[in-house]
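The values are calculated or read from the model by the stated rules, or taken from the named source; none is laboratory data. Just so it is clear, the model here is predicted, and its values are computed rather than measured. Because the Cβ atoms are built from the backbone with ideal geometry, glycine has one as well, and the counts that use them run over all protein chains shown.
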Amino acid sequence: MNNARVIADAGVIVGLIYERDQWHKWTQLQSANLPTPYLICEAALTEACYLLQNMSDGEQKVLELVERGVLQIEFSLSDELATVKILMKKYANVPMSLADACIVRMSELIKNSIVYTVDSDFLIYRKNGKNKIPLIYPE
């Protein structure tokens, strides 16, 4: 991974926690070889909690990943609001969620980063307007 910093998307967090998720085995295999902490934004944490709200202790398990240092919040929406709004407007046809926009912006700000996701929308998004975002994504 050449010291890459891993940015985690909500779907990966769900896959890691929820054993019946379609991506559970894949995320387990990938995570065995990836350096932690995974960097995350609060919007993706919120999305993961929402997706796991019906699982017993699902939201608590997400927060425990932060508490244990597996996930590290590494983004300030207040500082990046203007750029995030531009991204969401640019990709309105996809459509781009707030969490996705924050993650794309993180990929622009964090040098040598790679986005860990199961979301095919990241194949469409570009960082800095034209560059493919390096991904860890299921084939």
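Can you pull out every residue in the stretch 64-82 that is part of a helix (DSSP H, G or I) and farther than 19 Å from residue 126 by Cβ? Walk me through how you get there before you give the answer.
The first filter runs over the stretch 64-82 and keeps only residues part of a helix (DSSP H, G or I), leaving 64-67, 77-82.
Passing the criteria: 64, 65, 66, 67, 77, 78, 79, 81.
Entry remark, the stretch 89-108: residues being not charged (D, E, K, R) and not in a loop (DSSP other than H, G, I, E, B) number 8 in total.
Within the stretch 18-46, being in a helix (DSSP H, G or I), of a type outside the set (Lys, Arg) and surrounded by fewer than 22 Cβ atoms within 10 Å (Cβ to Cβ) holds for 24, 26, 28, 29, 30, 31, 42, 43, 45, 46. Search the stretch 109-125 for residues being over 12 Å from the mean Cα position of the chain (by Cα) and in a loop (DSSP other than H, G, I, E, B), and hand back the single one that is surrounded by the fewest Cβ atoms within 10 Å (Cβ to Cβ). Per the criteria, the residue is 111. The listed residues are 85, 61, and the only one of them that is part of a helix (DSSP H, G or I), of a type in the set (Lys, Arg), within 21 Å of residue 122 (Cα to Cα) and modelled with pLDDT of 95 or more turns out to be 85. Per the listing 72, 60, the residue uniquely closer than 20 Å to residue 14 by Cβ, of a type outside the set (D, E, K, R) and without any contact (Cβ under 8 Å) to a residue 12 or more places away in the chain is 60. Selection of the stretch 51-63 for residues being surrounded by fewer than 19 Cβ atoms within 10 Å (Cβ to Cβ) and either closer than 21 Å to residue 106 by Cα or under 14 Å from the mean Cα position of the chain (by Cα) (or both) yields only 63.
All conditions in (1) free of Cβ contacts under 8 Å to residues at least 60 places away in the same chain; (2) among the polar types (S, T, N, Q); (3) under 21 Å from residue 137 (Cα atoms); (4) out of contact with any Pro (no Cβ under 8 Å at 6 or more places or on another chain) hold for residue 112, with the sole exception of (1).
Out of 84, 12, one residue alone is crowded, with 21+ Cβ neighbours inside 10 Å and without any contact (Cβ under 8 Å) to a residue 60 or more places away in the chain. It is 84.
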